Each structure stands twice: as C-alpha cells, then as structure tokens.
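Take a look at the structure set out below.
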Amino acid sequence: MVGAGCRDVLLTGGAGYIGAHCAALLASEGYRVTVFDNLERGYRQAIQRASMVSGKPIELIVGDVRDMESLRGAFAQGDFHAVVHLAALKSVEESIQEPERYQHTNVMGTENLCAAMEEFGVFRLVFSSSAAVYGDCGSDLATESTPLRPLSPYGQSKVDAEERIERFVSRTGAAAVSLRYFNPVGAHPSASLGECSDGPTNLIPVVMDVVLGNRRSLDVFGRDYPTRDGTCIRDYIHIMDLVVAHRSALDHTTHMDGAKAYNVGTGRGSSVLEVVDRAREVTQRVVPTRDAARRDGDPVMLVADVSRIEADLGWVATQDLKSMIRSEWAWRRAWPDGYASSRETSAAPR
Ligand SMILES: NC(=O)c1ccc[n+]([C@@H]2O[C@H](COP(=O)([O-])OP(=O)(O)OC[C@H]3O[C@@H](n4cnc5c(N)ncnc54)[C@H](O)[C@@H]3O)[C@@H](O)[C@H]2O)c1
C-alpha cells in the first residue's frame, strides 16, 4: 500500500544488498522506484532480479552521489516525492585505511544529495544510518539518545551524514528519518536476491563461507568478554524486516516534521557462538572455529532498544536468528557466485 503523496521514489544505492531488497519491496507495494547507483559495489543484475520478483519495472540511473551534475540529471528525469538514500561505502576496515574516501562518499555524497533535493523541491528522505554510530555501550541496550561515540571512520561518517541531514531539515523544513541498522542478514524469500561480496566481513556471510568450504575455519575474535559465553553479542535483523522498516519510515515522512533517528534491530542479542550453533542446526554441517585475539574497536555488546520505532512507526521485527540463517543459506546454495559475473566498474569520478 502506497503512502499518500509518496509514490515516486529515488533509491540511491539500490543496486546493492539492502537496496535491491528495498527496491523489490517498494515496487511490489506500488511505489515507482528509480535506482541511482554508480555500480561500484552494486549489480545491474540485482535490479533486474528485484524487478522480476516484484513483477514491476525498476529503472536504473547510473550516477554518483559525489557528482552534483549526475544527481541533477537524475532529479531532472523524474518527479520524485521522496528519496531513500543508501548509497555509501560500508566497510569498517576499509574506512580505517581510507578515511577520506569515506568522508567523501558517505558525508559529501549525502550533502550533495540534500542540495539536489532542495534544488528540485523534494523534501522527504529516509537515510541508512548504522549502529556503528554508537560505539561501545557496555552492557546497556543502545537507545537513540545514547551518546554517539563511533569507533571507526565509517561510524563517524554516518554521524556526520546524519548531521548534514539535520541541517538540510532545519534549512528547508524537510522530513527525514535516519534508520540506524543493527546487523542486517538473510535474503529474499525467493532466494534470488541476497548479499554478494567478494570477501565478506560480516559474521553470518563468513560462517556461510566456512560451511561452503570457501574458508577453512571461522576466527572467533575474543573468548574472554564478559558475556554469557565469552564472545561478543550483536543484534541481527532479517533483511526483509529491515526493508519493511524503510516502507514504514517512508510513509511516516508524509505526516511528520523534522529529523528523527530510529534503531532497527530485534532488541535481542546473539553471541558469536550462538550464531555458529544456529548455523550448524540449519545447515547440518560442521563449522570449524579457531580462537583469535580480540580486535580493536569491537564493542562487547551492541543490541538495540527498539521501543521508539515500535511506538512511532508501529514496526516490529518478525523473524528470528534461525530464519535469518535459513534464508541466507538458501540464497548461498542457490547462487554460490552471487551476481559476480555482472559486476561493473564505475566510470564515475572518485
Ligand atoms: N549491510 C550492513 O551490514 C549495513 C549495516 C548498517 C548500515 N548499512 C548501510 O546501508 C547502506 C547499504 O548497505 P549495503 O549493505 O546494501 O551495501 P552495498 O555495498 O551492497 O550497497 C551500497 C550501494 O551503494 C552504491 N554506491 C557506493 N558508492 C556510491 C556512490 N558514490 N554513488 C552512487 N552509488 C554508490 C554501490 O554501488 C552499492 O550498490 C549503506 O549506506 C550502509 O552503510 C549497511
């Protein structure tokens, strides 16, 4: 069901993991979706499959959020009611190696997008932020008012991008929702869309690599944390629950003012070893593990307080860890090479 006045949506980063699922869901619910993506980390084929599973056309504009002219070109081509902004770089490790690149793409890209929205009179925005904005919350749940103390340039880039959005909102009276994702995982129920990465760093895709024999074992970084089994705890969220939150947020922008941030998680934490156990159960295969030293900047526990999103948007997560792993497993078995054959390199400026 399409929210009033919110039919045509420009989706940046729509050729990526979360973007393709978002495109599929929004298109299947009657939104007209145009993807804007430089294909640096995304796949044309992901959009084709999103279009196939939704039964709706999804247009792709190849462009770069670092380039104002390509943004202007996109806005000039459509009559957009809202923007869902997912285009960004997302690797913590890479952001430590190349912090300027993360500022440029994630922060300047967001600032450019806001400027283009202002120029073309588009004043509704849903933004993909991250739990990485919080840093270490100790053993407390992260609420939206927990102080933002990111532990990486990536997390800082999301704090800075949220702040650029707040400035845009106070300058223009726009309505914007920043969704702070916890740990998205899993795949579309058709198993034709999923996360595709040459060298995944997120726990569950790495576990799948081990199960499939692409890696010998799983490194467990630290077994002496003050948690129930000594390993770090994270809040995993099914990709389909996550994209439903985008639809709810998009609709919310039609009857709210200002800028709001919402955690998107289940509110329940799972340890590394619990994830490994669930993966063994689901796949019926062994998951060899190897103890490794703690990594710098790994919070002990990062779990969402989800009361604000439940109260304001009426959104709740519906799928548990086992169904997340089950759908990830179905996708990885159906498409062991993901979309790899259709990767394009960007001709856009860096
Ligand atoms: N996946 C996660 O674990 C996670 C967690 C929290 C937040 N997020 C955020 O969600 C968003 C989507 O993440 P994802 O997992 O789908 O990542 P992804 O890498 O699969 O998708 C990102 C998309 O953005 C595009 N892109 C990158 N730079 C661009 C640019 N300069 N101009 C235009 N397009 C560009 C890429 O080509 C890709 O299609 C990102 O903003 C990410 O920071 C992701």
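Just so you know, all these numbers are worked out from the coordinates, no wet-lab data involved. Since this is a predicted model, take the numbers as computed values, not measurements. No Cβ is skipped: glycine too gets one built from the backbone with ideal geometry, and neighbour counts run over all protein chains shown.
Here is a yes/no grid of residues against (1) buried (at least 21 other Cβ atoms within 10 Å of the Cβ); (2) within 19 Å of the chain's Cα centre (by Cα); (3) within 27 Å of Glu93 (Cα to Cα); (4) among the aromatic types (Phe, Trp, Tyr):
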position: Glu163; (1), (2), (3), (4): no, yes, yes, no
position: Val185; (1), (2), (3), (4): yes, yes, yes, no
position: Pro189; (1), (2), (3), (4): no, yes, no, no
position: Ser197; (1), (2), (3), (4): no, yes, yes, no
position: Thr201; (1), (2), (3), (4): no, yes, yes, no
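Restricting region 77-128 to residues that are away from the ligand (no atom under 12 Å from the Cβ) and of a type in the set (D, E, K, R), the residue that is surrounded by the most Cβ atoms within 10 Å (Cβ to Cβ) is Arg124. The single condition among (1) within 18 Å of Asp298 (Cβ to Cβ); (2) touching a Gly at 6+ places or on another chain (Cβ under 7 Å) that Cys196 does not meet is (1).
In summary, helices (runs of 4 or more DSSP H) completely within region 89-141 and bearing 3 or more residues that are of a type outside the set (D, E, K, R) occur at 92-97, 109-120. Of all residues in region 173-221, those satisfying the criterion of being without any contact (Cβ under 8 Å) to a residue 40 or more places away in the chain and within 13 Å of the ligand (Cβ to nearest atom) are Gly199, Pro200, Asn202, Val206. Residues of region 71-116 that are small (Gly, Ala, Ser) and in contact (Cβ under 8 Å) with a residue 24 or more places away in the chain: Ala74, Ala76, Gly78, Ala82, Ala87, Ala88, Ser91, Ser95, Gly109, Ala115, Ala116.
Contact map, region 13-36: first residue more than 19 Å from Thr110 (Cα to Cα) and of a type outside the set (A, V, I, L, M), second residue more than 14 Å from the ligand (Cβ to nearest atom) and assigned to a helix (DSSP H, G or I), Cβ cut-off under 6 Å, separation 6 or more or different chains; pairs are Ser28/Ser54. The one condition from (1) closer than 19 Å to Asn183 by Cα; (2) touching a Gly at 6+ places or on another chain (Cβ under 8 Å); (3) in contact (Cβ under 8 Å) with a residue 40 or more places away in the chain; (4) among the hydrophobic types (A, V, I, L, M, F, W, C) that Leu148 does not meet is (3).
Considering only region 149-157, I want to know if a residue exists there that is more than 19 Å from the chain's Cα centre (by Cα) and either among the hydrophobic types (A, V, I, L, M, F, W, C) or closer than 19 Å to Gly13 by Cα (or both). Among the residues of region 149-157, not one is more than 19 Å from the chain's Cα centre (by Cα) and either among the hydrophobic types (A, V, I, L, M, F, W, C) or closer than 19 Å to Gly13 by Cα (or both), which makes the answer no.
If the condition is being among the polar types (S, T, N, Q) and surrounded by fewer than 17 Cβ atoms within 10 Å (Cβ to Cβ), then region 268-298 contributes only Gln284.
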